[in-house]
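The values are calculated or read from the model by the stated rules, or taken from the named source; none is laboratory data. These numbers were taken from a predicted model, which means no experiment stands behind them. No Cβ is skipped: glycine too gets one built from the backbone with ideal geometry, and neighbour counts run over all protein chains shown. Please note that ligands, DNA and RNA were not included when accessible areas were found on the heavy atoms of the full protein model with its side chains. Shrake-Rupley method; radii C 1.70, N 1.55, O 1.52, S 1.80 Å.
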Amino acid sequence: MSRYLRPALSLPPVSGSEPISEELATFADSRHRVGPLLHIARQSCSGITAEANASSILKSAYQQNVYAGLRQKAAEKKISTLLTTHSVPFSFLKGRGLAEQLHDDSTARQSKDVDILIPTDQSRQTIELMNQEGYIFKANTLKRREKPELARQDMELKRFKDITFVDPAYSVPIELHHRLFKFEPKTLTTAFNESVQFNAIPSLSNSFYCLYLVLHGALAMWPRLKWVVDLSVMARHMPAHIRLEMMDIATSYGCDKAVAASLLMTEEVFPDSLDDEWHLLLNPYRKDKQVKEMAALFYETLTANANGRPSLPVKSFILSGSADIVFSGKIGVIDIVLARFLNSVFVRI
């Protein structure tokens, strides 16, 4: 599938590809969320053909993403106005803002929700604003007994990295984040906020934002080709000083090997994603056993037929899953065990 996508990523096309089948088109759209991008690739390169049914599937995926993008744009404008009016700083994570920076056609990238990062100390204020404005709270915990909504929201705010609302006018889910990841080094979100300064749409010229995008894929073990596409494009547009800054920050949080493994895996999927400067920067990591193992786990997850996860080492499975691998030695063991226990309890309330 990656061969067909290359023209849409401004990578040299690979000749001799068979026509895109109906099965592949469906798999690309439903499993890897790259249906719209594959449609663009087919339209932009005469060497890429598709069976009639496959062409219809990809065109429909693109059109549906156009409509979804319009709803998300309206939802973003609405929530931006609300937060700005009440002096709540915020940053949109990924989503349309990232699509516009990565692709000439922002509808090439699929996204189903709007992710917003806000200051932890203004979380309660923001939740109250959204309740007042009629946003629909979507609980992460099971409602096995009656619990007042405000109390449930407070509980989820303390236990999880985000809580979810749905915009009633546009049916767009809005994830309100007060930290970046479920398990992370204690200073990570604070340092990210100081770097990005709650810019509404963080720039890819910010090394910390670039690191966040890589870690987002790595902590999920890179399950979708959509995110590998992001990294391929991002890596080629990243100036040399941003690359060095990103790797320095990653090293300080013990995740530089996860970043290196992610980039090397991306080069395997999309050859020519890394230039000579990248190869020189990553050379020290190539023979590292941990980097090889991580890259293999990432590739195993990506190429699975279903959206599954690979079998993690026992120690990582017991502790924080992929976070123990990505943030090697930087996650507090006691905090993780306690958090996993509490989450398992609260999710049943």
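Overview of values
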| item | result |
| --- | --- |
| Hey, V34 among the β-branched types (V, I, T) and either in contact (Cβ under 8 Å) with a residue 40 or more places away in the chain or closer than 21 Å to D105 by Cα (or both) or not | yes |
| Identity of the residue in region 287-304, outside any helix (DSSP H, G or I) and touching a residue at least 24 places away in the same chain (Cβ under 8 Å), that ends up nearest to A258 (Cα to Cα) | D288 |
| Residue that is modelled with the lowest pLDDT [pool: residues in region 156-180 that are assigned to a loop (DSSP other than H, G, I, E, B) and either within 17 Å of E128 (Cβ to Cβ) or open to solvent by 10 Å² or more (accessible area, probe 1.4 Å) (or both)] | F160 |
| Hits in region 221-244 (condition: open to solvent by less than 20 Å² (accessible area, probe 1.4 Å) and under 16 Å from C255 (Cβ atoms)) | M221, W222, L231, R243 |
| Members of region 202-237 that are part of a helix (DSSP H, G or I) and aromatic (F, W, Y) | F208, Y209, Y212, W227 |
| So T266, is it assigned to a helix (DSSP H, G or I) and closer than 24 Å to L38 by Cβ | yes |
| Top-ranked residue in region 21-53 [being in contact with a Ser or Thr (Cβ under 7 Å, 6 or more places away or on another chain) and outside any helix (DSSP H, G or I); ranked as surrounded by the fewest Cβ atoms within 10 Å (Cβ to Cβ)] | G47 |
| Unmet criterion (only one of (1) open to solvent by less than 60 Å² (accessible area, probe 1.4 Å); (2) among the polar types (S, T, N, Q); (3) in contact (Cβ under 8 Å) with a residue 40 or more places away in the chain) for N199 | (1) |
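Table: residues versus (1) within 29 Å of A8 (Cα to Cα); (2) surrounded by 20 or more Cβ atoms within 10 Å (Cβ to Cβ); (3) at pLDDT 95 or above.
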{"residue": "K112", "(1), (2), (3)": "yes, no, no"}
{"residue": "L150", "(1), (2), (3)": "no, no, no"}
{"residue": "K182", "(1), (2), (3)": "no, no, no"}
{"residue": "C210", "(1), (2), (3)": "yes, yes, yes"}
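Here is a yes/no grid of residues against (1) within 23 Å of R31 (Cβ to Cβ); (2) not acidic (D, E):
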site	(1), (2)
A261	yes, yes
M265	yes, yes
F270	yes, yes
E277	no, no
N283	no, yes
K292	no, yes
A295	yes, yes
Y299	yes, yes
L302	yes, yes
